[in-house]
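The next block holds one structure in the form of structure tokens; read it before the comments.
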Ligand SMILES: Cc1cc2nc3c(=O)[nH]c(=O)nc-3n(C[C@H](O)[C@H](O)[C@H](O)COP(=O)(O)OP(=O)(O)OC[C@H]3O[C@@H](n4cnc5c(N)ncnc54)[C@H](O)[C@@H]3O)c2cc1C
């Protein structure tokens with residue numbers, strides 16, 4: 001089945017070449033045509049259970065598809081597949097109450113939903129527990145106020161997962177956090193404004209303002225006060241997804257640089273015959289292979305219900321770092337030509353830089369591994 005999906009992806013998305021992505025990024029314009037194609041191929045409902053019209057795929061198959069899409073189209077394309085499947089299909093199907101399933105899943109199945117996740121705030125990125133967005137009870141409602149930043153696709157979102165504090169006593173603790181699943185288009189006092197940025201420009205990331213937004217109990221995803229627990233499963237899948245996006249895009253850039261190193265003739269020989277050009281490419285190939293083994297193992301563990309946190313963290317760390325190093329070397333291989341936006345090399349370089357900072361920064365990942373695998377004190 002996987003081979004069939006992969007061959008459909010190759011045929012169905014062939015027309016979205018490098019020029020397409022360069023133009024979308026240059027104009028900061030949403031890739032609607034590409035989204036329509038992957039929706040038709042069923043790539044936005046991979047995690048939707050079959051009873052709702054999705055594929056109900058395993059994580060192991062899902063990461064292969066995300067990697068493959070990214071290896072042809074890069075980071076923005078992989079991110080689109082992730083957002084639909086992880087923040088949309090998976091979150092509601094696995095954590096949603098009956099109201100949320102009824103409200104969102106039929107629309108997810110009909111490809112009417114663009115999903116986003118709103119965690120980061122101006123004073124709470126890696127310091128997530130410091131969030132100040134809060135929801136308080138008043139007149140039988142939960143009234144949400146606060147401000148989020150860097151929320152990808154918030155401005156076009158039909159389903160937004162929002163992390164807020166619902167208990168003042170437990171500030172700075174994982175207790176008292178609640179996750180909400182809401183349709184921002186239903187609330188006029190949720191507003192967003194785009195940030196002029198250098199990564200994922202075609203998708204767009206935003207500041208989002210919640211000004212006394214009236215929500216009900218039905219909007220709580222999982223249990224009130226236990227949003228951290230609900231978030232853990234979602235963020236683990238997000239981590240595996242970004243690892244696969246880095247891995248796929250790393251392959252894409254490696255292929256571009258290798259081909260250029262073969263084609264470009266300097267000093268009467270192939271550019272790629274020089275060790276300082278070819279060794280980093282060979283090194284990149286090894287690092288990607290190692291990243292893939294970790295992603296694959298983390299996905300297998302997740303499918304079989306084992307704790308794959310070390311592998312998921314290690315995979316996200318290694319693939320992000322390796323893919324960015326490949327892209328950085330590709331800038332060297334292409335020389336002056338890499339600075340031409342039309343070449344489409346710097347686009348991958350910029351986009352891949354993101355995964356060393358977010359969704360989880362390198363330092364945070366190392367801190368988690370130091371703490372949980374080596375027993376060292378917490379450094380965050
Ligand atoms: C293009 C883009 C899209 C994004 N999309 C989303 C989204 O859709 N939803 C969402 O919720 N968020 C999103 N983010 C936010 C992203 O997850 C955060 O930027 C990331 O978690 C880092 O948080 P911060 O920017 O607040 O950095 P800070 O927390 O301010 O940290 C700054 C730097 O210091 C390091 N640092 C911090 N503390 C320590 C320490 N104790 N020891 C060592 N180093 C430390 C960090 O690792 C980081 O490198 C996005 C960001 C970008 C740029």
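If I ask for residues that are away from the ligand (no atom under 11 Å from the Cβ) and under 13 Å from residue 44 (Cβ atoms), which ones from region 106-137 would you list?
Answer for region 106-137, where residues must be away from the ligand (no atom under 11 Å from the Cβ) and under 13 Å from residue 44 (Cβ atoms): 107, 108, 109, 110, 111, 112, 113, 114.
Considering only residues of region 358-380 that are surrounded by fewer than 16 Cβ atoms within 10 Å (Cβ to Cβ) and over 23 Å from residue 293 (Cβ atoms), which is farthest from the ligand (Cβ to nearest atom)?
375
Tell me, please, whether a residue that is away from the ligand (no atom under 12 Å from the Cβ), surrounded by fewer than 21 Cβ atoms within 10 Å (Cβ to Cβ), in a strand (DSSP E or B) and not assigned by TED's automatic domain parsing to the domain that holds residue 364 can be found in region 153-175.
no
Does residue 253 fit the bill of being under 21 Å from residue 139 (Cα atoms), more than 16 Å from the ligand (Cβ to nearest atom) and surrounded by 23 or more Cβ atoms within 10 Å (Cβ to Cβ)?
Judged against the criteria, residue 253 is not a match.
Is there any pair linking a residue in region 352-373 that is free of Cβ contacts under 8 Å to residues at least 24 places away in the same chain and farther than 21 Å from residue 74 by Cα to one that is assigned to a loop (DSSP other than H, G, I, E, B) and near the ligand (Cβ under 6 Å from one of its atoms), with Cβ under 8 Å and at least six apart or on different chains, and which?
What qualifies is 367/379; 367/380; 370/379; 371/379.
When residues of region 121-148 are filtered for being in contact (Cβ under 8 Å) with a residue 40 or more places away in the chain and surrounded by 14 or more Cβ atoms within 10 Å (Cβ to Cβ), how many remain?
So the count comes out to 14.
If I go through region 109-131 residue by residue, how many of them are in contact with a helix residue (DSSP H, G or I) (Cβ under 8 Å, 6 or more places away or on another chain) and farther than 18 Å from residue 162 by Cβ?
Number satisfying all stated conditions: 3.
Return the residues of region 138-152 that are on the phi > 0 side of the Ramachandran plot and away from the ligand (no atom under 16 Å from the Cβ); say none if nothing qualifies. So that I can check it myself, show each step before the final result.
Within region 138-152, the first condition is being on the phi > 0 side of the Ramachandran plot, and the residues that meet it are 139-140, 146, 150.
Correct list: 139, 140.
Take region 180-199 and flag every residue that is surrounded by 21 or more Cβ atoms within 10 Å (Cβ to Cβ) and in contact with a strand residue (DSSP E or B) (Cβ under 7 Å, 6 or more places away or on another chain).
Residues satisfying the conditions are 180, 181, 182, 184, 190, 192.
Is it the case that region 285-305 has a residue that's within 14 Å of the ligand (Cβ to nearest atom) and buried (at least 17 other Cβ atoms within 10 Å of the Cβ)?
Start the filter on region 285-305 by keeping residues that are within 14 Å of the ligand (Cβ to nearest atom), which leaves none.
The answer is no; no qualifying residue exists.
The values are calculated or read from the model by the stated rules, or taken from the named source; none is laboratory data. Computed from a predicted model, the values in this text were never measured in an experiment. So basically every Cβ, Gly included, is an ideal-geometry build from the backbone, and we count neighbours across all protein chains shown.
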